1. What are the residues in segment 207-239 that are more than 18 Å from Leu294 (Cβ to Cβ), touching an Asp or Glu at 6+ places or on another chain (Cβ under 9 Å) and either crowded, with 24+ Cβ neighbours inside 10 Å or not small (Gly, Ala, Ser) (or both), if any?
2. How about segment 271-285: which of its residues are in contact (Cβ under 8 Å) with a residue 60 or more places away in the chain and either in a strand (DSSP E or B) or touching a helix residue (DSSP H, G or I) at 6+ places or on another chain (Cβ under 6 Å) (or both)?
3. Quick check on segment 201-223. Is at least one of its residues closer than 30 Å to Gln252 by Cβ, of a type in the set (Asp, Glu) and away from ligand 1 (no atom under 16 Å from the Cβ)?
4. Which of (1) of a type in the set (Val, Ile, Thr); (2) surrounded by fewer than 23 Cβ atoms within 10 Å (Cβ to Cβ); (3) under 17 Å from the mean Cα position of the chain (by Cα) is the odd one out, the single condition Ile204 does not satisfy?
5. Can you name the residue in segment 170-188 that is within 13 Å of ligand 2 (Cβ to nearest atom) and of a type in the set (Phe, Trp, Tyr) and is also nearest to Leu79 (Cα to Cα) among such residues?
6. Residue check: is Ile412 in contact with a Gly (Cβ under 7 Å, 6 or more places away or on another chain), aliphatic (A, V, I, L, M) and modelled with pLDDT of 95 or more?
7. Show me the strands (runs of 3 or more DSSP E) entirely contained within segment 407-495 in which 2 or more residues are within 16 Å of ligand 2 (Cβ to nearest atom).
8. Give Val256, Val234, Val288 a once-over and let me know the one that is outside any loop (DSSP other than H, G, I, E, B) and more than 21 Å from Gly133 (Cβ to Cβ).
Amino acid sequence: MSQEISRRRALGLALAGAGSLAVGLTGLGARGWPPFGAAESSTAGDAATGTGTGTGAGAGGWAEPTVLTSTEGVLDVELRAAATRVPVGGQAATMLTYNGTVPGPTLRLHPGDQLRVHLVNDLDEATNLHTHGLFVSASGNSDNPFLRIGAGESFDYRIDLPDDHPRGVFWYHPHHHGLVADQLFAGLYGAIVVDDDESAPAHIVMVADTTISQGRVATVSMPERMQGRTGQTVLTNGLVAPELAVPSGSTQRLWVVNACTSRYLDLGLDGQPLQVAGLDSGGYPTPVPMDRLLLAPGNRADLEVEVPAARTSLVAHAYDRGTAGMGMMGRMSSDGSDATVLTLVPAGTDPSPGAEVTRVPPRDLRDVGVDGTRTLTFTMGMGQGMGRGMGMSFLIDGEAFDPDRVDQQVRIGTVEEWTLRNTTMMDHPFHLHVWPMQVIGTSPASSDAPDVRDVVDVPAGREVVVRIAFERYPGSTVYHCHVLDHEDLGMMGTIRAS
Ligand code: C2O
Ligand code: CU
Ligand code: CU
């Protein structure tokens, strides 16, 4: 039973702030703003030729990806995946892009819309498309992770959002088993916004890491895959440590996406707590203050930041997510150094009135009867490394991914309680497609709101209990570790709902 909650917030991102945004920009960066303004809204016809600005200037600038907005219930876009020469941190490098930019365009939808994507694969290997976090069908030409779009081929996706789809920020990325980590690390990712309230715009903050070496994306070793690769460069909207000029005293909404292949983002803001208005598709009735917020790969956060009079940075702090623990290779470093995600630079003041933000809290499964329980166990061990030579195997319930095997059979209309058990020395962020998970037994600090996520971190040697309402979408899909190297190495299973 969801009860609609409205709040008045002093959101100063009103258009009055637009002029000040030029501060620190190099010209290239200006086109991506405002995120939902008319200038960047694109209808179907423009989609194929939309020019993004995500990959641009070095430190100092700010840019957001081009926004493609649905009209009359439909967003019809072409996404072309191709190797492209783009500027990264002041140098040119060949990355993989959607429509020529890193990140790809932001797809902006309303609940009830149909998303049509003509995916063109100009890569020299297979790919496909996953709409991470969307509560939509995983069958046919909807959000189907089993599809394979070969090199040189194209495919038409049709993804229908239900009228009651949660508002929030989601994202898209390739999901072809065995190639997901490489393709994401090389630049294939973009944001999806589902909202029906244009009055409270938010900045898209897509965080991803990569390593550029001699003008190309570095290849990684087997030990790095086993650890879960960490890129040397953290990119925010394709930029290194960008600066966002905003009026002091205003409240800015930041929609942060952790699009890193493996890196955890242990976020903090210097000088003030984070105000967390939502995580993944779940909104809190009122923002929850947190000193630190851990976003595992795949997680998103809806943050509200009151801009102080001095510069302030959103920092991803060094984080130890454990080790693949092979004695012969020694202890491998984890996400070992702080990175600046962005710096807010005060530029004038803005007394403009705030806009109304509506968040619909998700259904709370704590008080609901459970129809079934199961335990999923993550293990790692030495063995034949999935066709890549001797290495470590990454398994769930003793099995590596097999698309032809059904690992979990569930019934539509039931609520289940799953215990996620991690017997390894590394953290594994567990992701289930289609159905959100409510973490049981923990609530965010100072809030009793349900903690609903589509990626749930399961720390080394620990267990986490979640509840899942299997509603609405019969068919088969997957769950997996969102350290995407682990997913590619086999830590993925299939689920069939009927
Ligand atoms: Cu974001 Cu199955 O993935
Ligand atoms: Cu997903
Ligand atoms: Cu993992």
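The values are calculated or read from the model by the stated rules, or taken from the named source; none is laboratory data. On a predicted model such as this, the values are computed, not experimentally measured, just so you know. A quick note on method: Cβ atoms are made from the backbone with ideal geometry, for glycine too, and the neighbour counts reach across all protein chains shown.
1. Val217, Thr219, Val220, Glu224, Arg225, Met226, Gln227, Arg229, Gln232, Thr233, Leu235, Asn237
2. Val276, Ala277, Gly278, Leu279, Gly282, Gly283, Tyr284, Pro285
3. Among the residues of segment 201-223, not one is closer than 30 Å to Gln252 by Cβ, of a type in the set (Asp, Glu) and away from ligand 1 (no atom under 16 Å from the Cβ), which makes the answer no.
4. The number of the failed condition is (2).
5. By that ranking, first place goes to Tyr172.
6. No: the conditions fail for Ile412.
7. 428-432, 451-453, 455-458, 463-470, 475-481
8. Of the residues listed, the single one that is outside any loop (DSSP other than H, G, I, E, B) and more than 21 Å from Gly133 (Cβ to Cβ) is Val234.
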